[in-house]
1. So if I check each of 93, 121, 127, 85, which one is among the charged types (D, E, K, R), open to solvent by 50 Å² or more (accessible area, probe 1.4 Å), more than 22 Å from residue 344 (Cβ to Cβ) and touching a residue at least 40 places away in the same chain (Cβ under 8 Å)?
2. Only residues in the range 285-311 that are open to solvent by less than 30 Å² (accessible area, probe 1.4 Å) count as the first member; pair them with residues that are among the aliphatic types (A, V, I, L, M) and in a helix (DSSP H, G or I), Cβ under 6 angstrom, at least 6 apart or cross-chain, and list the lot.
3. Output yes when any residue across the range 145-164 is aromatic (Phe, Trp, Tyr) and in contact with a strand residue (DSSP E or B) (Cβ under 7 Å, 6 or more places away or on another chain), and no when none is.
4. Is it the case that some residue within the range 319-339 is within 23 Å of the chain's Cα centre (by Cα) and not in a helix (DSSP H, G or I)?
5. Name the single residue that is surrounded by the fewest Cβ atoms within 10 Å (Cβ to Cβ) among those in the range 328-355 being closer than 21 Å to residue 69 by Cα and free of Cβ contacts under 8 Å to residues at least 24 places away in the same chain.
6. How many residues does the range 364-388 contain that are without any contact (Cβ under 8 Å) to a residue 60 or more places away in the chain and either closer than 25 Å to residue 72 by Cα or part of a strand (DSSP E or B) (or both)?
7. Of all residues in the range 218-238, count the ones that are outside any loop (DSSP other than H, G, I, E, B) and open to solvent by 10 Å² or more (accessible area, probe 1.4 Å).
8. Scan the range 271-284 for residues that are assigned to a helix (DSSP H, G or I), in contact with a helix residue (DSSP H, G or I) (Cβ under 9 Å, 6 or more places away or on another chain) and open to solvent by less than 60 Å² (accessible area, probe 1.4 Å) and jot them down.
Amino acid sequence: MSPIRSASIAALASAVLATTLTGCGIGGEPQDTSPIVIAADLELSGASAPVGKVYQRALQLKVEQLNASGALGGRKIDLRVKDNRSDAAESLRNINDFSGDSRVSAVIMGGCNECAVGAARTIGEKRIPTIALGSSSAITEPVAERRYVFKLAPNATDSAAALAAELDRRNIRKAALLHSAEGYGQEGLAALRRELSKTPVKLVGNEAVRATDTEVGTQINELIAGKPQALVLWTTPEQATLAATTARQSKFRGSLFFDATAAGDLFLGPTARSTEEATLIFTQTMVIDDVIATTPAKAARRQWFQDYTARFGGYNGFSSFAADAVQLIADAEQRAGGEPGKVDREALRDVLETSQLDGLSGPIRMTPDNHSGLMPQALTTLVARGGRWRLAG
């Protein structure tokens, strides 16, 4: 165990002990030992199962860590997971079931944008605080109609701004975009066009792929025909690596750029040759083993990276968003107070709306006007080298 972690646990144990003694002393209030029930609606089967299972592992690990730490006093987190089968209708049924259980404090939804957007109205009507791990701005906007919905994932506008700046810095003047056909992909196209208009970089072509597409040769050949210096891939991780391989097989020798949604595993496996020197916009935690832990937040990210890797044999960049969602809910539950053993969802929502956390993903700030908490500063530039992602520079 590292000295930083040992010191943190010792300090935490002392604080918990002091609180426990105060709560159980003569004339003190009885300690709340009721569970904090967090429900999770995840894509554990169907098209989005790979990332859904990443979220499930991360949630389980984070819950175990918090429960073992004693940070919640006499309380423990009870995680309840349901598979939505990558289907928005099934996801909505899960949300209805969770909201009908008075013991559930809050819900965490997976990366399915369609699921979160489709459930937003029901979430509001049922008044159950929900943190979605999808990227679409429609999950939380307009905020007036999404009072109970929050999200933790890179925003299209922030990712596009970082990509445009990097393309310009690299003196690339012609780029082409392959994007997903669904809402977030269209949002990415609009955001990248807007950001590139502020630079000398021209978008000389764009093509869309459906989530179910397993062949992208036609789209890639259309884009390459425009002779771009760079291809930007704004798709799922699986489609991005497929596109990269297809582009190299089609003799494309330009640069490859990945949007944050195209991130996945730290190690690139069989696709390493095709993606060598590719650029990815993502959070620093993906490569925190390249970073000197000069702050408590960086030390915590490094520890999370090590714990996740030790447990599951590798690291996936999306895991930190799920872990941060658990932390936000646990912190909000502690701050919301209320009568022991009773769930106050309204108080929990109010606390979530003003939450601030130097999370595992990076700085997170929620406000009444902005329910998408991941700050632009969380994103950095990574590069594929030697079969894995590294910090650029």
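The values are calculated or read from the model by the stated rules, or taken from the named source; none is laboratory data. Just so it is clear, the structure is predicted and the values come from calculations on it, not from any experiment. All Cβ positions, glycine included, derive from the backbone under ideal geometry; neighbour counts span all protein chains shown. Accessible surface is based on the protein model in full, side chains and every heavy atom, while ligands, DNA and RNA are left aside. Shrake-Rupley method; radii C 1.70, N 1.55, O 1.52, S 1.80 Å.
1. Answer to the check: 85.
2. Qualifying pairs under 6 Å: 299/4; 301/288; 305/288.
3. As a first pass, look at the range 145-164 and keep what is aromatic (Phe, Trp, Tyr): 148, 150.
Next, from what is left, pick out any that are in contact with a strand residue (DSSP E or B) (Cβ under 7 Å, 6 or more places away or on another chain): 148, 150.
Within the range 145-164 (the criterion being aromatic (Phe, Trp, Tyr) and in contact with a strand residue (DSSP E or B) (Cβ under 7 Å, 6 or more places away or on another chain)), the answer is yes, since at least one residue qualifies.
4. No; the residues of the range 319-339 include none that is within 23 Å of the chain's Cα centre (by Cα) and not in a helix (DSSP H, G or I).
5. The qualifying residue surrounded by the fewest Cβ atoms within 10 Å (Cβ to Cβ) is 337.
6. Within the range 364-388, residues that are without any contact (Cβ under 8 Å) to a residue 60 or more places away in the chain and either closer than 25 Å to residue 72 by Cα or part of a strand (DSSP E or B) (or both) number 2.
7. So in the range 218-238, the residues outside any loop (DSSP other than H, G, I, E, B) come out as 218-225, 230-234, 237-238.
Adding the requirement that they be open to solvent by 10 Å² or more (accessible area, probe 1.4 Å) leaves 218-219, 221-222, 224-225, 237-238.
Within the range 218-238, residues that are outside any loop (DSSP other than H, G, I, E, B) and open to solvent by 10 Å² or more (accessible area, probe 1.4 Å) number 8.
8. Kept after step one, since they are assigned to a helix (DSSP H, G or I), are these residues of the range 271-284: 271-275, 284.
The next check asks that each one be in contact with a helix residue (DSSP H, G or I) (Cβ under 9 Å, 6 or more places away or on another chain); those that pass are 271, 273-275, 284.
Listed by number, the residues that qualify are 271, 274, 275, 284.
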